[in-house]
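First comes the structure, then the notes that go with it.
The values are calculated or read from the model by the stated rules, or taken from the named source; none is laboratory data. Model, not experiment: these values are computed from the prediction. Every residue, glycine among them, receives a Cβ derived from its backbone with ideal geometry; neighbour counts consider all protein chains shown.
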Amino acid sequence: MENNLFKKSYQLNNLKKIPYDSLWNTKGVFTTIRVIGKSPNFIFLKEHLNNLNKSLKKMNIDFLMNSKNFKIIVKNKFKDNVNYNHLLRIAVNNKKISIHIRKYLKPNKFFKGILVNYQRPQPNIKNLRYKKILQLLMKAKTNSSEIILYKNNNILEGCTTNIICVKKNKLYIPKNNFYFGITLKIIIKYTKRKVVKTDILLKKLKNFDEILLVGSGKGVVAVNNIPQINWRNKTQNIYNELKKLYKLRIER
């Protein structure tokens, strides 16, 4: 399968192929899409491209990732005879487009949470200013732990995930200053549970029964413990429910 991994870059103005550039820490945006099966199947593609295009507009980058451009730049690079289970990253700045596909590494069922006082620049956009995030991720075991960001004593998001806190079977998500990812949107859209947008205070985090992490790269995983505040999960009920919900949506 390693032979099917690739990294490619193109000029924005004419889509001409150029040497690969990750585009990290430039003025631009990116999205990460799960790719599974033969043909292949790009999970929640429409939603990802919609978010990407909205972010490009906010960054004043004159480019639209429509179905035609996606086919030229991305889809034609995939092979029909490969059973994919990968993550596709599409990054765009005002000069280049880069695509990178890597193997999907199945995350552990339970994660350790690590609290870090930091807020991403322009947090409502999945922008490429990721120097600090990449530094944090290098110090973490990304298949079994997640950096949970907070600022001014408010919980915001994980480095690679959104956060859902559970108390008495209600779902709580941060009010603002985080990137509202596709997986979180899908869960909120289809869950029958009440979802409350509120400031999740750091000092009250230990009062929650469950803390879940959701995102394209991890799906739905549960935080097992946060050693810094001596928190451990009290139940797995909502985790099991939302994991099943998410699985049903990606298999449609």
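Data table
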{"quantity": "Residue selected from region 92-132 under the condition within 22 Å of residue 229 (Cα to Cα) and of a type in the set (Val, Ile, Thr), by the criterion surrounded by the most Cβ atoms within 10 Å (Cβ to Cβ)", "calculated": "114"}
{"quantity": "Answer from 36, 61 - the residue that is of a type outside the set (Asp, Glu), at pLDDT 95 or above and not in a helix (DSSP H, G or I)", "calculated": "61"}
{"quantity": "Candidate set from region 133-181 (those that are in a loop (DSSP other than H, G, I, E, B) and among the charged types (D, E, K, R)); member that is surrounded by the fewest Cβ atoms within 10 Å (Cβ to Cβ)", "calculated": "168"}
{"quantity": "Test: residue 200 is crowded, with 17+ Cβ neighbours inside 10 Å and within 21 Å of residue 231 (Cβ to Cβ)", "calculated": "yes"}
{"quantity": "Sole exception among (1) surrounded by 15 or more Cβ atoms within 10 Å (Cβ to Cβ); (2) over 23 Å from the mean Cα position of the chain (by Cα) for residue 227, by number", "calculated": "(1)"}
{"quantity": "Region 43-91: number of residues that are surrounded by 18 or more Cβ atoms within 10 Å (Cβ to Cβ) and among the basic types (Lys, Arg)", "calculated": "1"}
{"quantity": "Filter result (charged (D, E, K, R), free of Cβ contacts under 8 Å to residues at least 40 places away in the same chain and assigned to a loop (DSSP other than H, G, I, E, B)) within region 193-252", "calculated": "194, 234, 251, 252"}
{"quantity": "Cβ-Cβ under 6 Å pairs, at least 6 apart or on other chains, region 113-133 side within 23 Å of residue 93 (Cβ to Cβ), far side among the small types (Gly, Ala, Ser) and buried (at least 19 other Cβ atoms within 10 Å of the Cβ)", "calculated": "125/55; 128/28"}
{"quantity": "Which listed residue, of 44, 110, is in contact (Cβ under 8 Å) with a residue 24 or more places away in the chain and either on the phi > 0 side of the Ramachandran plot or in contact with a Phe, Trp or Tyr (Cβ under 7 Å, 6 or more places away or on another chain) (or both)", "calculated": "44"}
{"quantity": "Every residue from region 39-58 that is in a strand (DSSP E or B) and among the hydrophobic types (A, V, I, L, M, F, W, C)", "calculated": "42"}
